[in-house]
Amino acid sequence: MSLSFISDENFKEHIRKTILQYGERLQSFDLEKFNNNIIDPIKLLFDKNIYGATWDEIIKSEIFRQRDKANNNSIGYFHQNIFQYMAGCTVPKAGWDIIFEKTGGIEFDFGKVSKVYVEMKNKHNTMNSAASIRTYMKMQGQLLNDNDCVCCLVEVIAKKSQNISWTISLDGRRQNHPRIRRVSIDEFYKIVTGEENAFYNLCMELPRAIKELLENIDTATVPKDTALAELKDKAAENSFEIALFMLGFGDYLGFRK
């Protein structure tokens, strides 16, 4: 099944670019890279003992966590930039994540507008209160300059499917505006494509497309992580716990000795 709102060629090209971003992060983890942002030895110590894990499992899990954190950016790239291939959509380099325009207007429950400005978030709980207020005020500012638009906070992982007025507490008062919306990704696909099940259809196509492309892409070689072996070498002098502490606290009082 091909998708009606994006060509097969563009769909596969976008997936290919996303896969290659993963490949860039598959470089091996030596001890220096493992501790690049300075690990928290005490957290790892608690994790090991509370979960009954081995040090091998804990270190491998931490490496996976660090890679996964970086890969969230790749998924954000996928969700945002796929819209550049859809009719009426642009993905600006700055300002808004997506802008959608449609001749004849875009239908909402309050009426029609000509343009939709989008801030996109991967998950509904990734913005704290201050970030939410900044985003809302940005949208208010846009409405002051354009009375024929809607501003949407589009959430990929939302609590539920929705296209509603976004209510927020601002200066101690609850505020909302019909043209400032909170929209789940499935509803946004519906807005852009006019197809109720557009996002569902994309999800159904993804497994086949990813598998097909992986068979033909020369991705980065499987990483050979050496961080664990290097830690074990250091632990031979004292203990694994001391070797781990030295990564995070090596310049702290007492540890310098």
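The values are calculated or read from the model by the stated rules, or taken from the named source; none is laboratory data. Keep in mind it's a predicted model, so treat the numbers as computed, not measured. FYI the Cβ positions are ideal-geometry reconstructions off the backbone, even for glycines, and counts take in every protein chain you see. We work out accessible area using only protein heavy atoms, side chains counted, and drop any ligands, DNA or RNA first. Shrake-Rupley method; radii C 1.70, N 1.55, O 1.52, S 1.80 Å.
Taken over region 82-94, the criterion of being modelled with pLDDT of 95 or more and open to solvent by 30 Å² or more (accessible area, probe 1.4 Å) is satisfied by 84, 85, 87, 88, 90, 91, 92.
When region 113-156 is limited to residues that are basic (Lys, Arg) and modelled with pLDDT of 95 or more, the one that is nearest to residue 90 (Cα to Cα) turns out to be 115. Looking only at residues of region 49-75 that are within 16 Å of residue 28 (Cβ to Cβ), open to solvent by 40 Å² or more (accessible area, probe 1.4 Å) and of a type outside the set (D, E, K, R), we find that the one that is nearest to the chain's Cα centre (by Cα) is 66. Among all residues of region 171-181, there is none that is at pLDDT 85 or above, in contact with a helix residue (DSSP H, G or I) (Cβ under 8 Å, 6 or more places away or on another chain), open to solvent by 70 Å² or more (accessible area, probe 1.4 Å) and more than 30 Å from residue 44 (Cβ to Cβ).
Tell me, please, whether a residue that is of a type outside the set (Lys, Arg), modelled with pLDDT of 90 or more and open to solvent by 40 Å² or more (accessible area, probe 1.4 Å) can be found in region 30-42. Steps first, please.
We begin by selecting, within region 30-42, every residue of a type outside the set (Lys, Arg); these are 30-32, 34-42.
Narrowing the set further to residues that are modelled with pLDDT of 90 or more leaves 40-42.
This time we only want the ones that are open to solvent by 40 Å² or more (accessible area, probe 1.4 Å), so: 40, 42.
For region 30-42, residues of a type outside the set (Lys, Arg), modelled with pLDDT of 90 or more and open to solvent by 40 Å² or more (accessible area, probe 1.4 Å): present.
Here are the criteria: (1) of a type outside the set (Asp, Glu); (2) assigned to a loop (DSSP other than H, G, I, E, B); (3) in contact with a helix residue (DSSP H, G or I) (Cβ under 9 Å, 6 or more places away or on another chain). Tell me which single one residue 94 does not satisfy. That leaves (3) as the condition not met. All conditions but one from (1) out of contact with any helix residue (DSSP H, G or I) (no Cβ under 9 Å at 6 or more places or on another chain); (2) touching a residue at least 60 places away in the same chain (Cβ under 8 Å) apply to residue 60; the one that does not is (1).
Going residue by residue through region 11-23, is there one that turns out to be in contact with a strand residue (DSSP E or B) (Cβ under 6 Å, 6 or more places away or on another chain), outside any loop (DSSP other than H, G, I, E, B) and aromatic (Phe, Trp, Tyr)? Steps first, answer last, please.
First, pick out the residues of region 11-23 that are in contact with a strand residue (DSSP E or B) (Cβ under 6 Å, 6 or more places away or on another chain): none.
No, there is no match, as no residue in region 11-23 is in contact with a strand residue (DSSP E or B) (Cβ under 6 Å, 6 or more places away or on another chain), outside any loop (DSSP other than H, G, I, E, B) and aromatic (Phe, Trp, Tyr).
For region 129-142, filtering for residues that are of a type outside the set (Gly, Ala, Ser), open to solvent by less than 50 Å² (accessible area, probe 1.4 Å) and either within 14 Å of residue 170 (Cβ to Cβ) or not in a helix (DSSP H, G or I) (or both) leaves 4.
Counting only residues that are open to solvent by less than 30 Å² (accessible area, probe 1.4 Å), among the aliphatic types (A, V, I, L, M) and under 23 Å from the mean Cα position of the chain (by Cα), how many does region 148-167 have?
Adding up the residues that qualify gives 4.
Residues that are at pLDDT 85 or above and not small (Gly, Ala, Ser) within region 226-240 comprise 226, 228, 230, 231, 232, 233, 240, listed in sequence order.
So is residue 126 hydroxyl-bearing (Ser, Thr, Tyr), open to solvent by less than 60 Å² (accessible area, probe 1.4 Å) and out of contact with any Ser or Thr (no Cβ under 6 Å at 6 or more places or on another chain) or not? The answer is no for residue 126. Close Cβ contacts (under 6 Å, 6 or more residues apart or on different chains) running from residues in region 190-219 that are within 18 Å of residue 85 (Cα to Cα) to residues that are charged (D, E, K, R) and open to solvent by less than 60 Å² (accessible area, probe 1.4 Å) comprise 199/186. In this structure, residue 189 qualifies as out of contact with any Gly (no Cβ under 8 Å at 6 or more places or on another chain), over 30 Å from residue 56 (Cα atoms) and open to solvent by less than 30 Å² (accessible area, probe 1.4 Å). Residue 238 meets all of the listed conditions (1) surrounded by fewer than 14 Cβ atoms within 10 Å (Cβ to Cβ); (2) in contact (Cβ under 8 Å) with a residue 40 or more places away in the chain; (3) more than 23 Å from residue 21 (Cα to Cα); (4) not β-branched (Val, Ile, Thr) but one, namely (2).
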